[in-house]
Amino acid sequence: MVDFLCNQFGLKPFFEQNDANPYFPLFYNDMKHWAFHFEMFFLIQKFKMHREIAASPESVILDRTIFEDAEVFTENLYRQGSMSKEDYQTYRTLYETIAETIAPPKILIYLECPVRALKKRIAKRGRVEEKSIPDEYLKRLHQLYTKWIDHYDKSPVIRFSTEKIDYLEDFIHRQDLLQVIQKHL
């Protein structure tokens with residue numbers, strides 16, 4: 001999707017650095033031990049991206065925001081007991097400090113996706129570490145995403161349901177999404 005939007009609007013892409021995260025394979029083998037390290041890596045990387053974006057004269061697109069990392073993924077790890085209270089508070093303090101210093105996106109595009117469709121997409125993506133993600137973990141993420149986006153007020157939100165569409169493969173579905181986005185630009 002990011003590549004498609006970059007081509008349509010001449011945007012510079014910024015992608016989450018999954019492959020660069022040294023904790024990625026470790027995290028999925030032992031979430032409780034590696035959750036803090038895993039999420040701190042992403043927090044630091046996203047902060048670096050925001051600094052680069054702020055200095056860039058180009059229009060850009062992020063594939064995932066710093067806000068959802070904290071409000072969805074880290075929150076989930078803490079609630080499920082994979083992150084200690086002390087680690088969570090340390091993470092939140094740093095996140096909140098960073099969030100005060102960065103500009104929110106001008107528009108947030110939220111692609112809604114139920115768990116069963118998400119599982120198919122995860123399987124199609126083919127990351128070995130993600131193949132054994134428990135359904136309950138994905139359900140909690142889905143609930144936290146819904147709660148987060150329902151209360152998100154830092155910028156306008158474009159919500160687009162992707163349950164019954166394939167915006168990655170289907171030209172018509174991509175065009176429908178493009179029309180929704182163009183209405184907000």
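The values are calculated or read from the model by the stated rules, or taken from the named source; none is laboratory data. What you see is a predicted model, and the numbers here were worked out from it, not measured in a lab. We place every Cβ from the backbone using ideal geometry, glycine too, and count neighbours over all the protein chains shown.
Identify, from the list Ala103, Ala123, the residue that is loosely packed, with under 13 Cβ neighbours inside 10 Å, in contact with a helix residue (DSSP H, G or I) (Cβ under 7 Å, 6 or more places away or on another chain) and at pLDDT below 95. Step by step, each of Ala103, Ala123 is checked, and only Ala103 is loosely packed, with under 13 Cβ neighbours inside 10 Å, in contact with a helix residue (DSSP H, G or I) (Cβ under 7 Å, 6 or more places away or on another chain) and at pLDDT below 95. Checked against (1) part of a loop (DSSP other than H, G, I, E, B); (2) more than 23 Å from Phe41 (Cβ to Cβ), Pro104 passes all but condition (2).
Let me confirm something: among Ile149, Ile98, which residue is modelled with pLDDT of 95 or more and within 20 Å of His37 (Cβ to Cβ)? Lay out the reasoning, then the answer.
On the way: Ile149 fails: within 20 Å of His37 (Cβ to Cβ).
The unique qualifying residue is Ile98.
Tell me, please, whether a residue that is over 25 Å from Lys147 (Cα atoms), in a helix (DSSP H, G or I) and among the aromatic types (Phe, Trp, Tyr) can be found in segment 90-101. Full working, then the answer.
Taking segment 90-101 as the starting set, the residues that turn out to be over 25 Å from Lys147 (Cα atoms) are none.
Checking segment 90-101: not a single residue is over 25 Å from Lys147 (Cα atoms), in a helix (DSSP H, G or I) and among the aromatic types (Phe, Trp, Tyr).
Specify the residue that is nearest to the chain's Cα centre (by Cα); the eligible residues are those in segment 13-70 that are closer than 17 Å to Ile109 by Cα and in a loop (DSSP other than H, G, I, E, B). Among residues in segment 13-70 that are closer than 17 Å to Ile109 by Cα and in a loop (DSSP other than H, G, I, E, B), the one nearest to the chain's Cα centre (by Cα) is Arg64.
Which one is modelled with the lowest pLDDT among residues in segment 26-48 that are charged (D, E, K, R) and closer than 16 Å to Arg79 by Cβ? Reasoning before the result, please.
The first filter runs over segment 26-48 and keeps only residues charged (D, E, K, R), leaving 30, 32, 39, 46, 48.
Next, only the ones that are closer than 16 Å to Arg79 by Cβ stay: 32, 39.
On the way: Lys32: 94, Glu39: 97.
This residue is Lys32.
Quickly run through segment 74-100 and pick out the residues that are crowded, with 19+ Cβ neighbours inside 10 Å and either farther than 14 Å from His142 by Cα or not charged (D, E, K, R) (or both). Break it down stepwise before answering.
Of all residues in segment 74-100, those crowded, with 19+ Cβ neighbours inside 10 Å come to 74-78, 82-83, 88, 91, 95.
Once the filter is applied, which keeps residues that are crowded, with 19+ Cβ neighbours inside 10 Å and either farther than 14 Å from His142 by Cα or not charged (D, E, K, R) (or both), segment 74-100 yields Thr74, Asn76, Leu77, Tyr78, Ser82, Met83, Tyr88, Tyr91, Tyr95.
Residue pairs whose Cβ atoms lie under 6 Å apart, sitting 6 or more positions apart in sequence or on different chains, and linking a residue in segment 97-109 that is under 18 Å from Val2 (Cα atoms) to a partner that is in a helix (DSSP H, G or I), are Ile107/His184. Within segment 72-88, at least one residue is part of a helix (DSSP H, G or I) and under 20 Å from Phe160 (Cα atoms). Taking segment 141-164, which residues are surrounded by 12 or more Cβ atoms within 10 Å (Cβ to Cβ) and either in contact with a Gly (Cβ under 9 Å, 6 or more places away or on another chain) or under 16 Å from Ile122 (Cα atoms) (or both)? Within segment 141-164, Leu141, His142, Thr162 qualify. Checking each residue in segment 110-146 for being assigned to a helix (DSSP H, G or I), within 20 Å of Thr74 (Cβ to Cβ) and of a type in the set (A, V, I, L, M, F, W, C) picks out Val115, Leu118, Ile122, Leu138, Leu141, Leu144.
Taken together, the residues in segment 132-160 that are out of contact with any Pro (no Cβ under 9 Å at 6 or more places or on another chain) and of a type in the set (Gly, Ala, Ser) amount to 1.
Tell me yes or no: at least one residue of segment 158-175 is under 19 Å from Glu71 (Cβ atoms) and under 18 Å from the mean Cα position of the chain (by Cα). Taking every residue of segment 158-175 in turn, at least one turns out to be under 19 Å from Glu71 (Cβ atoms) and under 18 Å from the mean Cα position of the chain (by Cα).
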